[in-house]
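Beneath this line is the structure, given in structure tokens, with notes to follow.
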Amino acid sequence: MNDPKQQWSSWRSGEVLIRETGDACPIPLEIRGVMGTALDVTAVQRTEVTHEPGFHSTVWGASRQRIVLPPEFNSLRLYRRSSSKAFFSGLGGWRVTRLADHEVEPVAGRMSGEGPWVLRIDEGSTKSLNITWNKGDYAGTLTLFGPGSGPGKELSKPNHTHETITVTGPGYLLLDAQHWSLTTD
């Protein structure tokens with residue numbers, strides 16, 4: 001699915017080209033934010049004459065977040081937000097890393113995490129995932145990004161805090177919740 005490793009970083013707001021023309025696979029990315037501020041991340045489809053914004057995510061502080069760039073987007077716009085009460089815009093720079101397959105954890109056993117996170121499901125494997133979203137308090141989402149999935153296929157049901165979902169690979173699973181836990185066969 002994905003092997004090249006690339007990395008971009010800056011101390012300023014900006015845009016980075018992630019996907020070259022002809023690259024049509026979903027791309028797992030890890031984003032590290034900036035200590036003391038928020039980093040707004042927007043997927044963008046940029047051509048010579050237009051730019052179309054897509055999904056949006058926010059990384060708070062120096063935390064790490066993993067997302068998947070769907071095939072229809074080619075870049076990320078990163079905006080370093082300053083506090084409304086001061087001119088402080090955090091310490092350090094942000095970093096975006098394009099992850100290789102071996103850097104994305106495969107779905108196996110018992111797992112848990114926080115915030116948007118990406119897991120890998122290998123070709124030919126089928127997994128039954130028993131998921132608890134946000135400790136059972138409110139729903140999260142599970143989206144599969146695989147060959148031919150376009151913008152991703154949402155597999156979770158609205159308003160479910162516990163669910164069992166069967167997934168067949170290959171692809172990347174984006175678990176998006178403040179807290180999630182899962183067990184699999």
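The values are calculated or read from the model by the stated rules, or taken from the named source; none is laboratory data. Every value quoted in this text rests on a predicted model; they were computed, and no experiment measured them. Positions of Cβ are generated from backbone atoms using ideal geometry, with glycine treated the same way; all protein chains shown enter the neighbour counts. Accessible surface is based on the protein model in full, side chains and every heavy atom, while ligands, DNA and RNA are left aside. Shrake-Rupley method; radii C 1.70, N 1.55, O 1.52, S 1.80 Å.
Name every residue in segment 1-24 that is in contact with a strand residue (DSSP E or B) (Cβ under 9 Å, 6 or more places away or on another chain), assigned to a loop (DSSP other than H, G, I, E, B) and not small (Gly, Ala, Ser), in order of residue number. Walk me through it before giving the result.
Here is the first cut: in segment 1-24, the ones in contact with a strand residue (DSSP E or B) (Cβ under 9 Å, 6 or more places away or on another chain) are 1-2, 4-19.
Going one step further and asking which of them are assigned to a loop (DSSP other than H, G, I, E, B), we end up with 1-2, 4-5, 11-13, 18-19.
If the condition is that a residue be in contact with a strand residue (DSSP E or B) (Cβ under 9 Å, 6 or more places away or on another chain), assigned to a loop (DSSP other than H, G, I, E, B) and not small (Gly, Ala, Ser), then 1, 2, 4, 5, 11, 12, 18, 19 are the ones that fit.
Test residue 136 against the criterion of being modelled with pLDDT under 95, open to solvent by less than 20 Å² (accessible area, probe 1.4 Å) and over 25 Å from residue 77 (Cβ atoms), and give yes or no. Working first, answer last.
Values: modelled with pLDDT under 95: yes; open to solvent by less than 20 Å² (accessible area, probe 1.4 Å): no; over 25 Å from residue 77 (Cβ atoms): yes.
No, not satisfied.
Could you please let me know if residue 128 is in a loop (DSSP other than H, G, I, E, B), open to solvent by less than 40 Å² (accessible area, probe 1.4 Å) and either among the polar types (S, T, N, Q) or on the phi < 0 side of the Ramachandran plot (or both)?
Values: in a loop (DSSP other than H, G, I, E, B): no; open to solvent by less than 40 Å² (accessible area, probe 1.4 Å): yes; either among the polar types (S, T, N, Q) or on the phi < 0 side of the Ramachandran plot (or both): yes.
Judged against the criteria, residue 128 is not a match.
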* Asked: What number of residues within segment 164-183 satisfy the criterion of being surrounded by fewer than 17 Cβ atoms within 10 Å (Cβ to Cβ) and either without any contact (Cβ under 8 Å) to a residue 60 or more places away in the chain or of a type in the set (Val, Ile, Thr) (or both)?
  -> 4
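Which one of 46, 77 is farther than 24 Å from residue 101 by Cα, of a type outside the set (A, V, I, L, M, F, W, C) and touching a strand residue (DSSP E or B) at 6+ places or on another chain (Cβ under 8 Å)?
Numbers: 77 fails: farther than 24 Å from residue 101 by Cα.
Unique residue meeting the criteria: 46.
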* Structure fact -> Looking across segment 18-28 at residues that are touching a residue at least 60 places away in the same chain (Cβ under 8 Å) and farther than 16 Å from residue 95 by Cα, the single one that is surrounded by the most Cβ atoms within 10 Å (Cβ to Cβ) is 26
* Hey, any hits in segment 143-162 for a residue that's surrounded by 18 or more Cβ atoms within 10 Å (Cβ to Cβ), in contact (Cβ under 8 Å) with a residue 40 or more places away in the chain and touching an Asp or Glu at 6+ places or on another chain (Cβ under 9 Å)? -> yes
* Structure fact -> Wholly inside segment 29-120, strands (runs of 3 or more DSSP E) that include 2 or more residues that are open to solvent by 70 Å² or more (accessible area, probe 1.4 Å) are 51-60, 75-81, 110-114
